[in-house]
1. Restricting the range 129-138 to residues that are surrounded by fewer than 24 Cβ atoms within 10 Å (Cβ to Cβ) and out of contact with any helix residue (DSSP H, G or I) (no Cβ under 6 Å at 6 or more places or on another chain), which is farthest from residue 358 (Cα to Cα)?
2. Tell me the helices (runs of 4 or more DSSP H) entirely within the range 268-372 that contain at least 3 residues that are within 22 Å of residue 149 (Cα to Cα), in contact with a helix residue (DSSP H, G or I) (Cβ under 8 Å, 6 or more places away or on another chain) and modelled with pLDDT under 85.
3. Just to check your reading of the model, which residue among 101, 137, 181 is free of Cβ contacts under 8 Å to residues at least 12 places away in the same chain and on the phi < 0 side of the Ramachandran plot?
4. Could you say which residue among 202, 219, 238 is farther than 30 Å from residue 297 by Cα and surrounded by 14 or more Cβ atoms within 10 Å (Cβ to Cβ)?
5. Would you check which residues across the range 206-230 are in contact (Cβ under 8 Å) with a residue 12 or more places away in the chain and over 25 Å from residue 151 (Cβ atoms) and list them?
6. I need a count of the residues in the range 162-184 that are surrounded by fewer than 19 Cβ atoms within 10 Å (Cβ to Cβ) and within 20 Å of the chain's Cα centre (by Cα).
7. Among the numbered conditions (1) in a helix (DSSP H, G or I); (2) modelled with pLDDT under 90; (3) closer than 20 Å to residue 151 by Cα, tell me where residue 61 comes up short.
8. For the range 200-210, enumerate the residues that are modelled with pLDDT of 80 or more and out of contact with any helix residue (DSSP H, G or I) (no Cβ under 7 Å at 6 or more places or on another chain).
C-alpha cells in the first residue's frame, strides 16, 4: 500500500454526530425484533437439541466439579488478560485515542451486540456516539469502526485455514476440510480488493466499475440496485480509509490477533484444567485446530457472537482429536461462560461510565480524557 495523507487528527472540530444520526435512522425495529427472535430460537435449539447429541451435559457438570481451585484461578487470570487486550483494537485504529476510551467503545459494543437480540446496528450507533464524546471526528470514527470490523472479519476467515492445517497435523476430523479453501478464497478476494482500492484512486474507480458490471444483470430484478453506482461509494471509502490503513494496518492486525489468541487461551486452560494439569492432555496445536476452525461459524449471522453454532463445532472437533464428550462439553461451557459473562458485565460498566461522561458533556461540564 502506498503512503498518503493521514486522517485528520482526533482533535479536529468536525461534527461527529451526523454519522450517529444516519446510522440510528437506518435501524429497522420490526426487522430487529424478527431477527432477534430467530436468533434466540436457534440458540435454544442448539443448546437444547444439537449439543446433547454430540456432547454430554451430565459428564460436563461432573468434569467441572472436579476442577481444582488452582485451575479455576488460571482460567480467571486468562480472562483478565483477554479483557485487557480487548481494549486495544480501537486504540490501534483511532489516532491518539487513549486506552480506557478504546476499552469502553469495544466492550460496550460487545455488550450491546451480544446481549441484545439483533443489537448489531444499535451497537454501531453507540460506537459512533461514544467516539463523538471523545471528540473524535466523524470521518475518523467511521474509518476506525470500519477498520476494526474488517480486521475482525479477516481473522474470522483466516483462522479456519490455520485450524484445518492444525487438525490435519494432529489427526483431527477431516469433515470440515472444505472450510480451508472456502475461507482462504473469500479472504484472499477481500484482501486483494481492499489493497486495490487503497493503493490508488484509479484502481478504486476500476473496482467500482467492475462492481457495476457484476450487479448489472440484477438491476432489473432488485429495485435498490437500479440506480446504484459503486464508483462513488468505493472512492469515498478509499479517501476515508487510505491514511489509516497505510499507516496502521500492522498495529490493527496485532491488536485483533491479540484478542483472538487470548480468547483461545481461555479455552485451552479450561480444557487442561478439566483434564488435569498433572495428566497427559490435549496439545495446544490440537486444541487450537478445533477452536480456529470453529471460527468460521462467526460468518453465519444467526446468533450473536456465534453463540451455540461455534460451541457445537468446537465440541465436535475437540472430540475428533481425542477429547472425551464430557471434557469437550465442559471445556466449551467454561470457555463460553468465562469469556462471555464477564465481558457483558464489563460492557455494562463501560456503558454506565460513558453515560455519566455524556451527561456531563451535554450539561456543559468539562470532561477529561478526550483526544486532542
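1. The selected residue is 137.
2. Output list reads 325-362.
3. On the way: 101 fails: free of Cβ contacts under 8 Å to residues at least 12 places away in the same chain; 137 fails: free of Cβ contacts under 8 Å to residues at least 12 places away in the same chain.
Result of the check over 101, 137, 181: 181.
4. Working: 202 fails: surrounded by 14 or more Cβ atoms within 10 Å (Cβ to Cβ); 238 fails: farther than 30 Å from residue 297 by Cα.
Step by step, each of 202, 219, 238 is checked, and only 219 is farther than 30 Å from residue 297 by Cα and surrounded by 14 or more Cβ atoms within 10 Å (Cβ to Cβ).
5. In the first step, residues of the range 206-230 are kept if they are in contact (Cβ under 8 Å) with a residue 12 or more places away in the chain; the result is 207-209, 211-212, 215, 228-230.
Of everything in the range 206-230, those that are in contact (Cβ under 8 Å) with a residue 12 or more places away in the chain and over 25 Å from residue 151 (Cβ atoms) turn out to be 209, 212, 215, 228, 229.
6. Summing the residues that are surrounded by fewer than 19 Cβ atoms within 10 Å (Cβ to Cβ) and within 20 Å of the chain's Cα centre (by Cα) in the range 162-184 gives 3.
7. (3)
8. Quick first cut of the range 200-210, residues modelled with pLDDT of 80 or more only: 201-210.
Selection gives 202, 206, 210.
The values are calculated or read from the model by the stated rules, or taken from the named source; none is laboratory data. Here the structure is a predicted model, which means the values were calculated and not measured. Because the Cβ atoms are built from the backbone with ideal geometry, glycine has one as well, and the counts that use them run over all protein chains shown.
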